[in-house]
Amino acid sequence: MGLRLVGAGFGRTGTLSLKLALETLGVGPCYHMLEVRRNPDHVSLWSRAADGEPVDWDALFAGYAAAVDWPACRFWRELAERYPESRVLLSLRDPEDWYDSVRQTIYRVMKGEVSGIASDHLDMVRKLVLEQTFGGRFEDRAHAIDVFRRHNQEVQEAVAPGRLLVFEASQGWEPLCAFLGRPVPDEPYPRVNTREQTGAMLEAAVRNADRRGA
């Protein structure tokens, strides 16, 4: 079917809630990092994309109508070009809050503090996110936040206003539904994968790993 919506926002900008919201609105299935966990054969495809090799985007996204979160947002330009009729959505968050959220959640996974994630998956994410996106300097708070700000600015400068929605989860359904031409659902906007929820899950995973290693 080809992607109808390309998510350009970095991870930890409400992307899992956005995935659920889009699917509720009928713009789905929506690709997210979770889909990589569910489709281990996709890891090598993303690794090759990171190496600059050609990727059959149609095959990778077969059956999906939207894509948000890493790793897809790393290739938002390519996807927006490949699917010229698609809309582009830039999910945002306060930069300081965003950094703290990443630092306390998925960065711990990328640093190998949490077990149970395949090494090739971790290698791919480290390459795409830590190395290529942040130049190996994510622990430099000022640098990482500057990368985040510049990315968001570049998206807004590159995409025509009528094609782009700049969106924060706190805005709820209204701007998203207006952008997509869908009625507002009679239910709250999804709020999942908060920093507290994710942090608690990671702490539990670390404790379990420590017990296994004891």
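For Leu22, state whether it is closer than 12 Å to Ala66 by Cβ, within 15 Å of the chain's Cα centre (by Cα) and not in a loop (DSSP other than H, G, I, E, B). Step through it out loud before you land on a result.
On the way: closer than 12 Å to Ala66 by Cβ: yes; within 15 Å of the chain's Cα centre (by Cα): yes; not in a loop (DSSP other than H, G, I, E, B): yes.
Considered against the rule, which asks whether it is closer than 12 Å to Ala66 by Cβ, within 15 Å of the chain's Cα centre (by Cα) and not in a loop (DSSP other than H, G, I, E, B), Leu22 comes out as yes.
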Tally time: how many residues in region 25-51 are touching a residue at least 12 places away in the same chain (Cβ under 8 Å), farther than 20 Å from Phe10 by Cα and either of a type in the set (D, E, K, R) or surrounded by fewer than 17 Cβ atoms within 10 Å (Cβ to Cβ) (or both)?
3
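Quick one: which helices (runs of 4 or more DSSP H) lie wholly within region 65-123 and hold at least 3 residues that are under 18 Å from Asp51 (Cβ atoms) and not polar (S, T, N, Q)?
76-82
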Can you give me the number of residues within region 60-94 that are closer than 18 Å to Val166 by Cα and surrounded by 15 or more Cβ atoms within 10 Å (Cβ to Cβ)?
21
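Any residue in region 195-205 that is closer than 18 Å to Ser91 by Cα and either modelled with pLDDT of 95 or more or under 21 Å from the mean Cα position of the chain (by Cα) (or both)? Before the answer, list the steps.
Of all residues in region 195-205, those closer than 18 Å to Ser91 by Cα come to 195.
Right, trim to either modelled with pLDDT of 95 or more or under 21 Å from the mean Cα position of the chain (by Cα) (or both) and you get 195.
Within region 195-205, one or more residues are closer than 18 Å to Ser91 by Cα and either modelled with pLDDT of 95 or more or under 21 Å from the mean Cα position of the chain (by Cα) (or both).
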Gln153 fails exactly one of (1) free of Cβ contacts under 8 Å to residues at least 60 places away in the same chain; (2) closer than 30 Å to Gly26 by Cβ, namely (2)
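Here are Leu5, Leu60, Leu18, Leu22: which of them is touching a strand residue (DSSP E or B) at 6+ places or on another chain (Cβ under 9 Å) and free of Cβ contacts under 8 Å to residues at least 40 places away in the same chain?
On the way: Leu5 fails: free of Cβ contacts under 8 Å to residues at least 40 places away in the same chain; Leu18 fails: free of Cβ contacts under 8 Å to residues at least 40 places away in the same chain; Leu22 fails: free of Cβ contacts under 8 Å to residues at least 40 places away in the same chain.
That would be Leu60, the only listed residue that is touching a strand residue (DSSP E or B) at 6+ places or on another chain (Cβ under 9 Å) and free of Cβ contacts under 8 Å to residues at least 40 places away in the same chain.
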Of all residues making up region 139-174, the number that are over 16 Å from the mean Cα position of the chain (by Cα), assigned to a loop (DSSP other than H, G, I, E, B) and within 17 Å of Gly11 (Cα to Cα)
1
Would you check which residues across region 124-138 are in a helix (DSSP H, G or I) and of a type outside the set (S, T, N, Q) and list them?
Met124, Val125, Arg126, Lys127, Leu128, Val129, Leu130, Glu131
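Being touching a residue at least 12 places away in the same chain (Cβ under 8 Å) and either under 14 Å from Gly2 (Cα atoms) or among the small types (Gly, Ala, Ser) (or both), is that true of even one residue in region 88-95? Reasoning before the result, please.
Looking only at region 88-95, we keep the residues that are touching a residue at least 12 places away in the same chain (Cβ under 8 Å), and these are 88-93, 95.
Among the residues that remain, those that are also either under 14 Å from Gly2 (Cα atoms) or among the small types (Gly, Ala, Ser) (or both) are: 88, 91.
Scanning region 88-95, I find at least one residue that is touching a residue at least 12 places away in the same chain (Cβ under 8 Å) and either under 14 Å from Gly2 (Cα atoms) or among the small types (Gly, Ala, Ser) (or both), so the answer is yes.
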When residues of region 45-64 are filtered for being of a type in the set (D, E, K, R) and in a loop (DSSP other than H, G, I, E, B), how many remain?
3
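The values are calculated or read from the model by the stated rules, or taken from the named source; none is laboratory data. What you see is a predicted model, and the numbers here were worked out from it, not measured in a lab. We place every Cβ from the backbone using ideal geometry, glycine too, and count neighbours over all the protein chains shown.
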